[in-house]
1. Which condition number does residue 144 fail, the rest of (1) within 17 Å of residue 105 (Cα to Cα); (2) surrounded by 17 or more Cβ atoms within 10 Å (Cβ to Cβ) being met?
2. List every residue pair whose Cβ atoms sit under 9 Å apart, with the two residues 6 or more apart in sequence or on different chains, where the first one lies in the range 168-184 and is crowded, with 16+ Cβ neighbours inside 10 Å and the second, anywhere, is basic (Lys, Arg) and at pLDDT below 95.
3. Determine if the range 124-134 includes at least one residue that is outside any loop (DSSP other than H, G, I, E, B) and surrounded by fewer than 17 Cβ atoms within 10 Å (Cβ to Cβ).
4. Of the residues 178, 101, 118, 95, which is within 17 Å of residue 196 (Cβ to Cβ) and among the aromatic types (Phe, Trp, Tyr)?
Amino acid sequence: MHLALPDLSNRDKIILISIAILVALIPVGTYVLSLRMKAQSSASEVTSNVPRTDTPEFSTDSKSELVSLSQQAVDGGQSGAASQPTPEATPEVFFGPTLKFKISLEARPSAKQATKLFVGIASGKPASGTTPQYIISYQVDVPDIGEYSGLSLAGLTQGSTYTAYLKGQAQIATSSAFLLNPTSNDLGTVKMTTGDVNDDNIINDSDYNLVKGAIGAGPSSSKWNSIYDFNLDNIINSWDLGIIGAHLGKTGESGVVKSTYNSFGDLNKEFAEGPVPSPNQGTTTTPSFFLLDQNFPSPTSTPDIKPGGQEGYWIWLPKP
């Protein structure tokens, strides 16, 4: 059976045909649009799996971390952000008890206190008339300022009393007692009496005659010995001799030392008790003190002494 369409004008027919075409195109357009969306989604997934070449990768090595932390610190300071936590302080290294002191050498300018100094440590307080038995001893080079610190006292008993004996190149020994604490032990300023040029720890005629024999000598003289120039004015004169004269008879606090040679290579021929022979001569007279080096020249020979004294420093040991 056929439906009879009303008699339409050409204009109406064109409208109906256009509507029919549009209705037919809707499913087709929807399908094409869905295919396009799927294609875009697939392309996006592929792109996200490919590493980007326009952004640098972050390294995990220590250098990169350090650079990153440094940059963060700078950025934090500029933007007011919280700074990185401060690392813990390194604990202080402890080396045990030490000794420090300042010396004042009589007649020397205050800015020229440099000397070779013997430092001996004995137990207890100073005892007059006895020879100290040193537990430890040092030979130190004190600078011009006269101060020395950091001398190790390791091995000594904390809380115990000890005595430090200090002796310079032209000074008799001076003692200073102290109670050992676990860190720094300060003797303060130690004043030292000048005049012991032959290093036997007593100021007597032997020292006086040695300096008297060099009166008028300067650095270019064959009689010159820098040890005799107490005030360092480059001339040995009555002023230096007067220092000895003011202290005649004074003995250092560690007792008199008897030996053929002193610390500076000088041959001592004058002693109150007569000359002391060398241990190498095998005599029956034994000196109270003897040199650690048993091979020094005999008293009848002349040591090779350079102007200004011989380099080095003798160590004296008590007779066993």
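The values are calculated or read from the model by the stated rules, or taken from the named source; none is laboratory data. Just so it is clear, the model here is predicted, and its values are computed rather than measured. Virtual Cβ from ideal backbone geometry, glycine too; neighbours counted across all protein chains shown.
1. Among (1) within 17 Å of residue 105 (Cα to Cα); (2) surrounded by 17 or more Cβ atoms within 10 Å (Cβ to Cβ), the lone unmet condition for residue 144 is (2).
2. Between residues of the range 168-184 that are crowded, with 16+ Cβ neighbours inside 10 Å and residues that are basic (Lys, Arg) and at pLDDT below 95, the close pairs are 175/125.
3. No, every residue in the range 124-134 fails to be outside any loop (DSSP other than H, G, I, E, B) and surrounded by fewer than 17 Cβ atoms within 10 Å (Cβ to Cβ).
4. Values: 178 fails: within 17 Å of residue 196 (Cβ to Cβ); 101 fails: within 17 Å of residue 196 (Cβ to Cβ); 95 fails: within 17 Å of residue 196 (Cβ to Cβ).
The match here is 118.
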